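Below is one structure, written out as structure tokens; comments come after it.
The values are calculated or read from the model by the stated rules, or taken from the named source; none is laboratory data. This structure is a prediction, so every number in the text was calculated from the model and none was measured. All Cβ positions, even for glycine, are placed from backbone atoms using ideal geometry, and neighbour counts span all protein chains on display. Ligands, DNA and RNA are excluded from the accessible area calculation, which covers all protein heavy atoms including side chains. Shrake-Rupley method; radii C 1.70, N 1.55, O 1.52, S 1.80 Å.
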Amino acid sequence: MAKSAFVAIVGRPSSGKSTLLNALCGAKVSIVSPVPQTTRNAVRGIINRDEGQLVFIDTPGFHISERKLNIKLKNVALSALGDADIVVYVLDSTREPGPEEEALASNFSVPSGSADTVHKGSRRKMVVAINKIDAKDADVARAVQFVAEHLPAATIVRISALTGEGLDELVSALLGLAEEGPQWYPPEYYTDQDPVFRIAEIIREKAINHTREELPHALFIDFVDSRKLEDGSLEASYDIVVERESQKGIVIGKGGSMIKVIREEAEADLAELFDYPVHLRLQVRVDPSWKHDDKRLDSLIF
Ligand SMILES: Nc1nc2c(ncn2[C@@H]2O[C@H](COP(=O)(O)OP(=O)(O)OP(=O)(O)O)[C@@H](O)[C@H]2O)c(=O)[nH]1
Ligand SMILES: [Mg+2]
């Protein structure tokens, strides 16, 4: 019988979790940016090998903070941890592991979640992926030392999610830990995200990557409507929602230049992901209080 496992990808913001998921799946499944806290959802990506199926769950970066949005993001990650058979803990070798990393390392090593009483006290199946080994400022020895001190039982794999180095080894290690089980998804699936969400995420990626400072954290993408055109293409309208009037101007850009770039880049990515053309209609809207709106947060962060 074939193997299968749910594998949660966890770690600090910007450690490269989403880049890793995309590299494993061979497509943009989860959006990527240099800005911490890019990922807001438990995004699934699936790979199939002769030995079986691995269902990866990308998660928001762990960041200790009492703000409502951060607490919600943390809960998404914790819930993915609770569902996981195996954890891939992504450790950024270019950053000095501080107290926050130490707190996380101890959290990740024991099964979490209130329903998980059976495994209480037991160790997790965990692989530590020491990432960004391609980077000039990588200090792999420092990361190995950290793992030896804090997670002595964990398997270590050195990887570059960017270049793909070490990823075959990572997959082999995970399949080695996986147990026999059902194949949850048909083999042609590499993600289970619905198109409305996926398009919103691609737009958000472009908006984040073209804006600075607080703007990436100030925005969300709101689906308005969509329709199939006679030629088989999809016309989809979305609002880019920001918190302040001044941010609206930045996203629109001079004479609409910025929003045009966001739209064109998003459409180009979507052309690779969907087998029909997607035409976007983007508007910018201001909502000063969306981060305090529980219903809104529930609809965005899951
Ligand atoms: N040099 C190098 N950069 C990487 C590597 N992996 C990721 N990055 C970069 O690190 C930054 C963050 O990558 P993400 O994949 O968005 O990180 P993340 O852990 O998903 O971040 P959050 O979703 O915010 O928690 C991006 O600029 C990536 O290009 C790597 O292996 N090498
Ligand atoms: Mg991410």
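Here are a few things to note about the model shown:
- Between helix 195-209 and the chain: long-axis angle, C-alpha atoms, 0 to 90°, nearest 10: 90
- Whole-Å distance, taken between Cα centres, linking segment 120-161 and segment 171-195: 23
- Shown here for segment 228-294: GluC sites (Glu not before Pro) in loop regions (DSSP other than H, G, I, E, B) with at most 14 other Cβ atoms within 10 Å, namely 230.
- Contact order relative to length of the chain, as percent, for alpha carbon pairs under 8 angstrom and 6 or more apart: 18
- √(5λ) per eigenvalue of the Cα gyration tensor, segment 3-180, largest first, Å: 20, 20, 17
- Relative contact order (%) - segment 195-300, alpha-carbon pairs under 8 angstrom, separation at least six: 28
- Paramagnetic label zone (point 7 Å from Cα along Cα-to-C-beta, residue 281; backbone N under 13 Å) in segment 216-254: 224-229, 234-239
- Accessible area per residue in Å² at 1.4 Å probe, computed on segment 3-180: 43
- Computed E for residue 96/residue 165 - FRET, C-beta separation, R0 22 angstrom, nearest 0.05: 0.50
- Choice from 145, 193, 53 with maximal GNM fluctuation in the chain (Cα, 10 Å cutoff): 145
- Stokes-Einstein D for the chain, Kirkwood Rh over Cα pairs, 25 °C, 0.890 mPa s (µm²/s): 121
- The angle between the Cα long axis of helix 257-273 and the main principal axis of the chain comes to about 50°, on a 0 to 90 degree scale.
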